[in-house]
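Below: the structure, in structure tokens.
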Amino acid sequence: MIATITPARLASLIDAGHKIVLIDVRTPAEYREMHVPIARLCPLDRLTLDNVQALAPTKTTADPVYTICRSGSRGAQACQQLGTAGMTNVINVEGGTLAWEAAGLPVVRGKKAISLERQVRIAAGTLVLLGSLLGYLVHPVWIGLAGFVGAGLVFAGITDTCGMGMILAGMPWNQVPEDTSTKDPSSATCSVR
């Protein structure tokens with residue numbers, strides 16, 4: 001069972017002066033678009049115990065570490081991953097950054113990006129359409145492409161792990177070049193290269 005916290009409760013802990021380590025596990029482009037002011041970026045595909053400890057060097061594996069993503073799913077995956085790696089107190093923010101924003105809590109806004117979930121829908125829909133059209137117009141074997149994507153979506157739904165999302169997260173348009181001119185400790189990120 002993954003521990004969760006509401007955005008309002010986490011905000012009250014921050015306001016009360018608690019030292020909070022909040023790890024945003026979205027892509028760099030999603031993070032750049034909008035993030036919680038204290039969140040530190042460590043994309044899910046680069047999330048390791050070492051990276052988290054580098055972002056929070058005074059923390060032990062028993063101290064709380066909070067994860068956040070867009071809507072909660074990748075944050076829950078991050079909790080499982082960190083728990084497997086030995087962290088005993090990992091807590092996911094319910095509803096992710098969208099719930100944080102909906103609660104009227106402060107966010108940092110930047111350049112707009114297409115969410116990873118939307119990119120997956122666009123790519124999957126395009127591949128299914130392409131497979132169907134090629135199967136009809138060129139050769140029936142192309143229908144297998146649509147079936148493969150459909151099977152991948154079923155697998156993603158059952159396991160809550162999306163291979164296409166992981167591939168898209170690594171694409172160049174989902175990466176943000178690091179700006180060393182404005183580097184400050186509060187905006188630390190894990191290794192994103």
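Read-outs throughout are calculated quantities, based only on the coordinates presented, and are distinct from any laboratory measurement. Bear in mind the structure is a predicted one, so any value in this text is a computation, not a measurement. Please note: Cβ atoms are built from the backbone with ideal geometry, for glycine as well, and neighbour counts cover all protein chains shown.
With a Förster radius of 22 Å applied to the C-beta separation of Ala54 and Val108, the computed FRET efficiency comes to 0.55. Looking at segment 110-152, the trypsin sites (Lys or Arg not before Pro) that sit in a DSSP loop and have at most 14 other Cβ atoms within 10 Å of their own Cβ are Lys111, Lys112. Divided by 2.2 N^0.38 Å, where N counts the residues, the Cα radius of gyration of segment 3-113 comes to 0.96. Each of Thr161 and Ala123 was given a label point 7 Å from its Cα along the Cα-to-Cβ line. The distance between the two points is 1.6 nm.
In a fully extended conformation the segment linking Trp142 and Val154 would gain 2.4 nm over its present Cα-Cα distance, using 0.36 nm per residue. Per the Debye formula with a single identical scatterer at each Cα and no solvent contribution, what log10 I(q)/I(0) holds for the chain at q = 0.10, 0.16, 0.20 Å⁻¹? Taken in order of the listed q values, log10 I(q)/I(0) reads -0.45, -1.00, -1.44. Summarising the overall dimensions of segment 116-172 from its C-alpha atoms, the Rg and Dmax are 12.1, 34 angstrom.
Contact order, relative form, for segment 116-172: 35 percent (alpha carbon pairs under 8 Å, 6 or more residues apart, mean separation divided by residue count).
Against the longest alpha carbon principal axis of the chain, how many degrees, from 0 to 90 and to the nearest 10, is the axis of helix 143-159 turned? Between helix and principal axis, roughly 30 degrees. Distance between the 7 Å Cα→Cβ label points at Asp63 and Gln80: 2.8 nm. Segment Gln175..Met1, full-extension length gain: 59.5 nm, with 0.36 nm per residue of separation and the alpha-carbon distance subtracted. Spin-label model, Asn89 to Leu134: label points 7 Å out along the Cα-to-beta-carbon direction sit 5.2 nm apart.
When the square roots of the Cα gyration tensor eigenvalues are ordered a ≥ b ≥ c, the ratio a/c for segment 12-69 is 1.5 or more and a/b does not exceed b/c, which makes its shape oblate. Within the set of other residues whose C-beta is less than 12 Å from the C-beta of Gln80, count the net charge using Lys and Arg as +1 and Asp and Glu as -1. Computed value for this residue: 0.
Using the Cβ of Leu116 as centre and a radius below 12 Å, the other residues enclosed give a net charge of +1, where K and R count +1 and D and E count -1.
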